[in-house]
Structures are given as structure tokens and as C-alpha cells.
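The values are calculated or read from the model by the stated rules, or taken from the named source; none is laboratory data. All values derive from a computational prediction rather than experimental measurement. Here Cβ is always computed from backbone atoms with ideal geometry, including for glycine, and neighbour counts include all displayed protein chains. Side chains included, ligands, DNA and RNA excluded: accessible areas come from the protein's heavy atoms. Shrake-Rupley method; radii C 1.70, N 1.55, O 1.52, S 1.80 Å.
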Amino acid sequence: MTDYVREYFNRQAQAWVAQAYAGDRLPARFPVGPERLRVALESVAPAVGTDGTLVDLGCGGGQLLAHAARLGWRAVGVDVAPGMMELARRETEGLGVRLIEAVYDESGLESGSADAVTALGLIEYLPEDAGLLAEAERLLRPGGRFAVSCRNRLYNLMSANAYTERELTGGTAPALLDELRGMLEGVEASDLHALAHELATAASDLERAVELDEELVGVRMLEHPTTFEEERRQHSPAELRRSAEAAGLAEVALLPIHPHPLPPGTESLAPRVYNRLALAWQRALGGRPLGLALCTAFVATFEKER
Ligand SMILES: C[S@@+](CC[C@H](N)C(=O)[O-])C[C@H]1O[C@@H](n2cnc3c(N)ncnc32)[C@H](O)[C@@H]1O
């Protein structure tokens, strides 16, 4: 881990949490934080049961831990940034959550002590995969589950932007295209029907979103409060699967987060319309290959061999 990552999250703790968990019925940004938290909790729940133990690596401001504790689970958070730990302490006060300020693989937690391990928004800041997957495998009991979120490299072929250019000029596009094609073979008519139903449900929200966007003309809604200045790694599903298999973890599910209904360059033109559409895509395609092809992130869930 670089000192820059620790320093960045220490300095930007408040701003990062505020923008990731901003609550709004018609959001100008996609609610990445809450959506990936929900998907991760749902996908590890079968391993945790009613009162098992979950360890959250890179726990940030503690939002996932608070949810886990309210579900009756024993929750343990590990994070390297003191500023984030302070927010996590406040978020989880009175909920019996254990917090450990440490690099993810120096927590001192016992091997086999977790029914579930989560790591959301962490792997992209690490220099490689093996350390995180090995630590998740070490912490899990046999049959335990690990949910990890990744920035989706496959989407680079759909985004028509600088990421696409990099894959083309770097010669990495053909292999990604093969993976994407294989994935799109799983699309079914029912996916499009589900989208149509979601859009019908969203119709009045979308009209309101147009009104709100019109009021916002000239306002730079999409400016990030801070700019992380180092590379954040991406994974295609196949790349992550290979790393997990090497660590003795078998895939259970791959779930899309933050689908893009239109080319991402159009988001700033009408952010509330764009992101209300994106929520419809998330709800309709949340477990589907078409969602994975169109999303900028995914949560992968793995199981430790029994
Ligand atoms: C993008 S935030 C995500 C926070 C939280 N998981 C969430 O989804 O809201 C990444 C977190 O990982 C932490 N982090 C980064 N590198 C780490 C490392 N090597 N060990 C432990 N924590 C780390 C940062 O301090 C930060 O709180």
C-alpha cells in the first residue's frame, strides 16, 4: 500500500463518505455506496446466518458494519486511515462493532474466525490481488463467503472514452471483447421486458428529474470533491475469477453495480434523468449478464472450499 492512499483517505474521509452515501430520491449521482453495500450484504447473508461474524476490510466510514450489526451479526472493521476510523466509530456507536486500525492483512484476527469477509472499494487501491484474496481466504471458515467490489474493466469497451482508447492502443481490447461477447450470449428477452417494466414504474420520477435538471443549468453537479491522483486498478470478471481461484475461492455470484443507460459523457447534461435511468437499469438488470456489460463496477462473491 502506498502512503498516498492512507494519507488520501485520512485527509478526505468526510468528503468521500458524504459523496458516496448522499441520500436523494432523484440522485444527481448514482448511489454507488448504498447499492454495493446492499448487494454485498445480500450475497454473504447465507453464510452468516442469524448471528455469524462478518469482517469488513477497508471499512471506511463504517456504513456496512452498522447495517451488519443491526442485522444481529458480529461485525469487525479494519481500515488503515485514522480519519475513516473516527467516522466509523461515530457511525457504529452503541452497536457493539469492533474496529481495528490496521493495514488489511495486519489485523491480528484469527484464521477461520469469519463467516463472511467483505472488501468494498478496496482492491482498486492495492498494487495486486493476491494479498487481499489470501487474507480473505485465511479469515474465512470453510464454506464462508467473500464479497469484493471491483471497477469493471469490461465496460471500457462500451464507454467510448479514454479508457476505450487505452485498451485499443495497448492491444488489450481483443481479449476483453471475447469476454464481453461471451457474456452477452447470456442476454434474454426477459431482460428487456424487465427494463420496460422498470421504466414504466419510473415514468413520473423521470418527468420530475427533467424539471430538476432544468433548474440546474450551469451547475457543475458532477464535480468530485477531491481528485485521487494515482491509478485505481480495474478488473474484468475473468481476471478477478483467476485471482480468486488461485487463492482457493470459488465463484458464487457476479453482480453489477452502477449500470450506464447512455454513454457516460452525457451524464453531466441531465444528471438526475441519467441517474434515475441508471437506477432503473440497476433494478432490472442487477443480476444479469447485460447489467455486467454496462456497469462500471461489480460485486463478486466467492466461497471458501468446504
Ligand atoms: C473507497 S473507500 C471504501 C470504504 C468502504 N468500504 C465503503 O464502501 O464505503 C476505501 C477504504 O479502504 C481503506 N484502505 C485503503 N488501502 C487500505 C489498506 N491497504 N488496508 C486497509 N484499508 C485500506 C481506505 O482508508 C478507505 O477507507
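Checked against (1) open to solvent by 50 Å² or more (accessible area, probe 1.4 Å); (2) assigned to a helix (DSSP H, G or I); (3) within 16 Å of the ligand (Cβ to nearest atom), Tyr163 passes all but a single condition, namely (3).
Selection of first residues in the stretch 91-103 that are under 25 Å from Asp3 (Cβ atoms) and assigned to a loop (DSSP other than H, G, I, E, B) and of second residues that are among the hydrophobic types (A, V, I, L, M, F, W, C) and within 10 Å of the ligand (Cβ to nearest atom), restricted to Cβ pairs under 7 Å at least 6 apart or on distinct chains, gives the following pairs, ordered by first then second residue: Ala102/Val78; Ala102/Val80; Val103/Met1; Val103/Val80. Figure legend. Inter-residue proximity from the stretch 290-306: first residues among the charged types (D, E, K, R), second residues not in a strand (DSSP E or B), beta-carbon distance below 7 Å, spacing 6+ or different chains. Indicated pairs: Lys304/Glu137; Lys304/Gly248; Glu305/Gly248. Comparison of Leu176, Leu132, Leu168 shows that the only residue that is among the hydrophobic types (A, V, I, L, M, F, W, C), modelled with pLDDT of 95 or more, assigned to a helix (DSSP H, G or I) and within 20 Å of His258 (Cα to Cα) is Leu176. Looking only at residues of the stretch 104-127 that are touching a Lys or Arg at 6+ places or on another chain (Cβ under 6 Å) and not in a loop (DSSP other than H, G, I, E, B), we find that the one that is nearest to the ligand (Cβ to nearest atom) is Glu124. So in the stretch 87-100, with the set limited to residues that are within 12 Å of the ligand (Cβ to nearest atom) and closer than 16 Å to Tyr21 by Cβ, which one is least open to solvent (accessible area, probe 1.4 Å)? Only one residue tops the list, namely Ala88.
With respect to (1) within 22 Å of Leu176 (Cα to Cα); (2) touching a helix residue (DSSP H, G or I) at 6+ places or on another chain (Cβ under 6 Å), the lone exception for Leu240 is condition (2).
Just one residue in the set Ala278, Ala293 is touching a His at 6+ places or on another chain (Cβ under 7 Å) and either open to solvent by 30 Å² or more (accessible area, probe 1.4 Å) or in a helix (DSSP H, G or I) (or both); that residue is Ala278. Output the residue which, of all residues in the stretch 168-200 that are closer than 23 Å to Thr266 by Cα and without any contact (Cβ under 8 Å) to a residue 12 or more places away in the chain, is most open to solvent (accessible area, probe 1.4 Å). Here the answer is Leu168.
Inclusion of Val103 among residues that are closer than 12 Å to Leu57 by Cα, at pLDDT 95 or above and open to solvent by 20 Å² or more (accessible area, probe 1.4 Å) is warranted. When you check Asp79 against the structure, is it open to solvent by 70 Å² or more (accessible area, probe 1.4 Å) and either near the ligand (Cβ under 8 Å from one of its atoms) or modelled with pLDDT under 95 (or both), yes or no? So Asp79 fails the test. Of all residues in the stretch 5-38, those that are of a type in the set (A, V, I, L, M, F, W, C), more than 9 Å from the ligand (Cβ to nearest atom) and open to solvent by 20 Å² or more (accessible area, probe 1.4 Å) total 3.
Where residues in the stretch 252-275 are in a strand (DSSP E or B) and in contact with an Asp or Glu (Cβ under 6 Å, 6 or more places away or on another chain), which of them is farthest from Gln234 (Cα to Cα)?
Checking each candidate, the answer is Val252.
Screening Leu262 on (1) open to solvent by 40 Å² or more (accessible area, probe 1.4 Å); (2) within 16 Å of the chain's Cα centre (by Cα) shows it passes everything except condition (2).
Applying a threshold of 6 Å to beta carbon distances and a minimum spacing of six or more residues, or different chains, the list of pairs starting in the stretch 27-39 at a residue that is within 13 Å of Gly286 (Cβ to Cβ) and ending at one that is hydroxyl-bearing (Ser, Thr, Tyr) and crowded, with 23+ Cβ neighbours inside 10 Å reads Arg36/Ser149. Condition (residue is open to solvent by less than 10 Å² (accessible area, probe 1.4 Å) and within 11 Å of the ligand (Cβ to nearest atom)) applied to the stretch 39-46: is it met by at least one residue? Yes, that holds for at least one residue. It is to be established whether one or more residues within the stretch 238-251 are open to solvent by 20 Å² or more (accessible area, probe 1.4 Å), within 25 Å of Pro34 (Cβ to Cβ) and in a strand (DSSP E or B). Among the residues of the stretch 238-251, at least one is open to solvent by 20 Å² or more (accessible area, probe 1.4 Å), within 25 Å of Pro34 (Cβ to Cβ) and in a strand (DSSP E or B), which makes the answer yes.
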